[in-house]
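Take a look at the structure below.
The values are calculated or read from the model by the stated rules, or taken from the named source; none is laboratory data. Computed from a predicted model, the values in this text were never measured in an experiment. FYI the Cβ positions are ideal-geometry reconstructions off the backbone, even for glycines, and counts take in every protein chain you see.
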Amino acid sequence: MNSREIGLKILMDIKLKGAYSNYAINKFLKDEMDVKDENLIRELVYGVVENCLYLDHIISKLSKVKIKKIQPAILEILRMGVYQIAFMEKIPDRAAVNEAVILSKKYGYKGASGFVNGVLRNFSRNKESLMMVEEKNPITYLSIMYSHPKWMVERWVDEYGYEFTEKLCRENNNKPRLNIRVNRLKTSREQLMDSLSDYGYMVYKTKYAKDGIIVDNPIRITEVKEFKLGHFTIQDESSMLVSQIANPKEDSLVLDLCSAPGGKSTHMGELMGNKGRIISRDIYDHKLDLVRENFGRLGIDIIEIEIFNALDLDKSMVGKVDYCILDAPCSGLGIIRRKPDIKWNRKEEDIRGLKEIQINILNIAKHYVRPGGTIIYSTCTIGREENVDVVNEFLKDNKEFRLSGFEDSVDSIENIDTVKDGYVQLFPHIHGTDGFFIARIQKKND
């Protein structure tokens with residue numbers, strides 16, 4: 001199979017089996033695969049998933065058959081073809097058309113190749129005019145142009161305004177830069193940057209996270225010696241800030257309630273100098289395997305792994321914990337750049353149910369922290385309902401807790417003046433990080 005056929009197989013897995021794009025891609029990619037082929041497959045799959053509403057808008061102008069009536073395999077072939085012609089300048093239009101026709105002969109009905117050939121050749125000839133979105137309704141325009149569900153666009157416009165939402169939607173379709181976190185138990189940020197530069201990687205310091213490095217050309221970075229020796233791990237800058245804002249002391253007791261894949265637990269261990277005790281929990285054992293793998297490689301031996309449901313109260317831990325980390329289950333609308341499937345798998349009604357779960361877990365977490373102890377509440381989403389509203393509701397009902405400013409842990413952040421108030425909301429198009437919310441909640445001393 002060539003790259004486009006593998007891309008088609010992956011897209012069909014996503015469409016028919018509900019597979020997440022990253023898992024579907026990893027299922028088909030082989031270790032011995034050429035880097036160029038691997039990059040083309042990723043570009044095609046993510047490009048189609050990210051832009052499918054826009055691609056369908058173009059196809060609908062060219063096809064007499066309605067989108068819903070087009071055979072699934074042929075629709076994915078058309079989407080890949082339109083994506084290449086519209087967005088991939090290095091691929092000649094004729095190559096995109098010819099490869100699509102070959103695929104349609106193999107996977108389509110009799111006569112499908114003529115249909116595919118006609119649609120794509122017509123698009124190639126009239127590309128500029130057909131790529132225009134002529135839609136007067138502003139919500140519908142953003143929804144089609146940037147391929148986001150209408151309910152999502154409407155929600156963000158109501159909360160943040162039209163211009164903000166357009167920039168956010170546009171950024172959600174861009175590829176995030178890879179961030180790695182230096183393991184300060186084994187090396188320094190400067191030493192690691194020098195080592196990676198020697199390999200030919202383009203590296204820069206992250207803006208807000210003190211242990212972060214941006215890698216602009218991260219091809220096969222997990223194959224370098226320094227990764228295998230545990231000198232760094234892959235983690236977005238926003239997620240690094242959770243532990244940085246917690247600012248744990250050596251010999252502390254940390255409880256990480258929803259820990260997988262372990263980035264925050266291991267970072268806490270590094271910041272504590274591998275001294276103290278960290279209990280890292282999750283409800284699913286297979287997710288905890290990732291935590292085990294990470295702390296073993298990073299050389300942290302103060303982490304204890306436990307299968308536990310964060311919605312259940314562990315009476316043995318009541319009043320003992322110095323730092324309780326709650327990276328709560330959420331809608332994930334802040335990580336669409338990484339997981340574009342979220343746009344199509346998430347429903348608006350999910351958010352109400354998630355808010356209830358978030359408040360319930362917070363009301364469990366409050367029992368664990370000692371007087372003067374800290375809860376770090378975080379999500380990878382961007383709406384008030386799952387973030388500020390959850391924290392405010394919790395504080396209203398629990399007067400023994402207060403927000404605690406963290407100017408001591410994080411330098412100034414653009415367009416944010418709430419650091420001193422104890423919380424921060426990051427946005428992809430403003431801060432270059434995942435969309436992420438972090439609040440530091442402290443239990444008052446008796």
**OP:** Looking only at segment 388-407, decide whether some residue is under 20 Å from Lys287 (Cβ atoms) and in contact with a strand residue (DSSP E or B) (Cβ under 6 Å, 6 or more places away or on another chain).
**Re:** no
Original post:
Looking at this structure, is Thr187 part of a helix (DSSP H, G or I), of a type in the set (Val, Ile, Thr) and without any contact (Cβ under 8 Å) to a residue 60 or more places away in the chain?
Top reply: no
**OP:** Among the residues of segment 105-164, write down those that are surrounded by fewer than 15 Cβ atoms within 10 Å (Cβ to Cβ), outside any helix (DSSP H, G or I) and of a type in the set (S, T, N, Q).
**Re:** Asn126, Asn137
Original post:
What single numbered condition from (1) in a helix (DSSP H, G or I); (2) at pLDDT below 95; (3) surrounded by fewer than 19 Cβ atoms within 10 Å (Cβ to Cβ) fails to hold for Phe227?
Top reply: (2)
**OP:** Look through segment 244-282, keep the residues that are buried (at least 24 other Cβ atoms within 10 Å of the Cβ) and within 18 Å of the chain's Cα centre (by Cα), and return whichever of them is farthest from Arg177 (Cα to Cα).
**Re:** Ser259
Original post:
Which residues, taken from segment 297-335, are under 24 Å from the mean Cα position of the chain (by Cα) and in a helix (DSSP H, G or I)?
Top reply: Arg297, Leu298
Original post:
What is the one condition in (1) closer than 21 Å to Met268 by Cβ; (2) touching a strand residue (DSSP E or B) at 6+ places or on another chain (Cβ under 6 Å); (3) surrounded by fewer than 17 Cβ atoms within 10 Å (Cβ to Cβ) that Arg184 does not satisfy?
Top reply: (2)
**OP:** Scan segment 165-184 residue by residue and report those that are part of a helix (DSSP H, G or I) and either touching a His at 6+ places or on another chain (Cβ under 6 Å) or touching a residue at least 24 places away in the same chain (Cβ under 8 Å) (or both).
**Re:** Glu166, Lys167, Leu168, Cys169, Arg170, Glu171, Asn172
Subject >> Members of segment 35-91 that are part of a helix (DSSP H, G or I), farther than 30 Å from Asn217 by Cα and without any contact (Cβ under 8 Å) to a residue 40 or more places away in the chain >> reply: Asp56, Ser60, Ile67, Lys68, Lys69, Leu75
Original post:
Quick check, is Ile102 under 20 Å from the mean Cα position of the chain (by Cα) and of a type in the set (A, V, I, L, M)?
Top reply: no
**OP:** Kindly indicate whether any position in segment 64-71 is touching a helix residue (DSSP H, G or I) at 6+ places or on another chain (Cβ under 9 Å), under 20 Å from Trp344 (Cα atoms) and of a type in the set (S, T, N, Q).
**Re:** yes
